[in-house]
Every structure is written in structure tokens, then in C-alpha cells.
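*Asks:* One structure, pasted below without further comment.
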Amino acid sequence: MEDKKVVTILLGSPRAGGNTETLAEALARGAVENGCEVRRVRLQGKKLSGCLDCRRCWSAGAPCVQKDDMGEVYGAIADADVVVFASPLYFYSWSTQIKPVWDRLLPFYGENSEIDLRGKKTVLVTAAGDDDAACFGGLRESFRLGCGYTKWEIAGEIYAPGMYPKDAVATGGRKYIEEAYELGKRL
């Protein structure tokens, strides 16, 4: 029996059931229909410290010397064939919940990395209350530059502007839900 492709969704919103999560769930439905196994990691409530830039990655037998919940996230990323970063747009960039994950990918790309993640596929799913699609410029650039550095293949990006309040995607974002679902079916 062939192993299923693993799609890990990093849920980076402080609110369960909000706009970004609604899009991520549409993507998950499509991925499951395509035969993928979908795993979710809710980052809200986890203790995720920022990178110390201590350059001691792997020196203590783990990707990072810090003792927090990032070990679970590292495992989820390493096990995934596709990593989905689901982050609402907060002040033109990543949410507070997902930013430490992004910053702490360094252990996988240092000279002494024990796990090689190059070639992994990744997706960005994001929603914003701002109506102007240009509001995603900072996040888009961070995502694309980071993927270039990590040698990850961008499998898709979903940008949903004008999605406020919390249920705006569910009540008026049908085109974004369909876009996310179709992307999931292609993973």
C-alpha cells in the first residue's frame, strides 16, 4: 500500500474558526479528497519563543536548544510532504502565533543540520480585513524570499482581502473557499 502524502497545516490565528482557518479547512477538504493525510497544528496557546540567534542548533540533540513547544512543530514540519502556513495578516505580515515558527526554521538549514528539508512543498493561506490586495505585499515577500532560502517549492498561495469580521469568508468569501479547496485537490 502506498503511503499517503502528508499535508501539515500550521494554524497561525489566535482565533479558532476565523477566516484564515475557514480557508485552511477548505484546502484540507480538497487535500483529503486527493488522498492526502491532513494534520493540523494549532499554534495558539503553544509556548513558542523567538529565535535567539545563538547558532547552537542541534548542539543539544534537537533542532533548537530552547525548551518550548517548537519541538512538536519541528516534528510536524519534518514529517510533512506539504507545509501549509495559515496566517491572518497582522500589520502587513505574519501573525504573532506563526512568526516564531518562521523565524526558527534555521536549524534545518545550518551547516550541521541533521534533517534536510530542501524540496519540500509549501503553501501560504491568508486573509485580511483590508480591502486593498496590496496589503499582502510584505507577507508575500517574506514568504517567497523565505521559500527561496529554504529551497521549498511554493505549491500555492491564497490571499483573501476584505475579510472582516471573523465569519466574512464563510458568509461572503465563496470564491476564496473554492480557490483553497481546488488548491488542496492539487496537492
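The values are calculated or read from the model by the stated rules, or taken from the named source; none is laboratory data. Because the structure is predicted, anything quoted here is derived from the model rather than measured. We place every Cβ from the backbone using ideal geometry, glycine too, and count neighbours over all the protein chains shown.
*Asks:* Hey, among the residues in the range 156-187 that are closer than 11 Å to residue 125 by Cα and aromatic (Phe, Trp, Tyr), which one's surrounded by the fewest Cβ atoms within 10 Å (Cβ to Cβ)?
*Replies:* Only one residue tops the list, namely 159.
*Asks:* I'd like the residue in the range 51-85 that is charged (D, E, K, R) and over 23 Å from residue 119 (Cα atoms) and, out of all such residues, is surrounded by the most Cβ atoms within 10 Å (Cβ to Cβ).
*Replies:* 69
*Asks:* Residue under question is residue 176, and the condition is that it be under 27 Å from residue 32 (Cβ atoms), part of a strand (DSSP E or B) and aromatic (Phe, Trp, Tyr); does it hold? Spell out the reasoning first.
*Replies:* On the way: under 27 Å from residue 32 (Cβ atoms): yes; part of a strand (DSSP E or B): no; aromatic (Phe, Trp, Tyr): yes.
No.
*Asks:* Another question, if that's okay. For residue 88, all conditions in the list (1) more than 12 Å from the chain's Cα centre (by Cα); (2) part of a loop (DSSP other than H, G, I, E, B); (3) not hydroxyl-bearing (Ser, Thr, Tyr) hold save one; what is the number of the exception?
*Replies:* In the conditions (1) more than 12 Å from the chain's Cα centre (by Cα); (2) part of a loop (DSSP other than H, G, I, E, B); (3) not hydroxyl-bearing (Ser, Thr, Tyr), residue 88 misses (1) alone.
Conditions tested, residue by residue: (1) free of Cβ contacts under 8 Å to residues at least 40 places away in the same chain; (2) among the basic types (Lys, Arg).
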site: 20; (1), (2): no, no
site: 24; (1), (2): no, no
site: 43; (1), (2): no, no
site: 51; (1), (2): no, no
site: 56; (1), (2): yes, yes
site: 66; (1), (2): yes, no
site: 76; (1), (2): no, no
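*Asks:* When the range 150-178 is examined, which residues are found to be among the charged types (D, E, K, R), touching a residue at least 24 places away in the same chain (Cβ under 8 Å), over 21 Å from residue 15 (Cβ atoms) and out of contact with any Leu (no Cβ under 7 Å at 6 or more places or on another chain)?
*Replies:* Listed by number, the residues that qualify are 151, 153, 178.
Let's see how each residue does on (1) in a loop (DSSP other than H, G, I, E, B); (2) at pLDDT 95 or above:
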position	(1), (2)
114	yes, no
119	yes, no
123	no, yes
131	yes, yes
134	no, yes
145	no, yes
149	no, no
155	no, yes
166	yes, no
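*Asks:* Follow-up. For the range 106-149, name all the residues that are out of contact with any Leu (no Cβ under 6 Å at 6 or more places or on another chain) and among the polar types (S, T, N, Q).
*Replies:* Passing the criteria: 112, 113, 122, 142.
*Asks:* Does residue 101 meet the test of being touching a helix residue (DSSP H, G or I) at 6+ places or on another chain (Cβ under 6 Å) and assigned to a helix (DSSP H, G or I)? Walk me through how you get there before you give the answer.
*Replies:* Values: touching a helix residue (DSSP H, G or I) at 6+ places or on another chain (Cβ under 6 Å): yes; assigned to a helix (DSSP H, G or I): yes.
So residue 101 passes the test.
*Asks:* Still on this model: Give 162, 184 a once-over and let me know the one that is in contact with an Asp or Glu (Cβ under 9 Å, 6 or more places away or on another chain) and at positive phi.
*Replies:* Residue meeting the stated conditions: 162.
*Asks:* Would you confirm whether or not the range 108-127 contains a residue that is over 22 Å from residue 51 (Cα atoms), in contact (Cβ under 8 Å) with a residue 40 or more places away in the chain and of a type in the set (Gly, Ala, Ser)?
*Replies:* Yes: one or more hits.
*Asks:* Going by what's in this entry, would residue 99 be described as modelled with pLDDT of 95 or more and closer than 30 Å to residue 131 by Cβ?
*Replies:* On the way: modelled with pLDDT of 95 or more: yes; closer than 30 Å to residue 131 by Cβ: yes.
Here the answer is yes, as residue 99 does meet what is asked.
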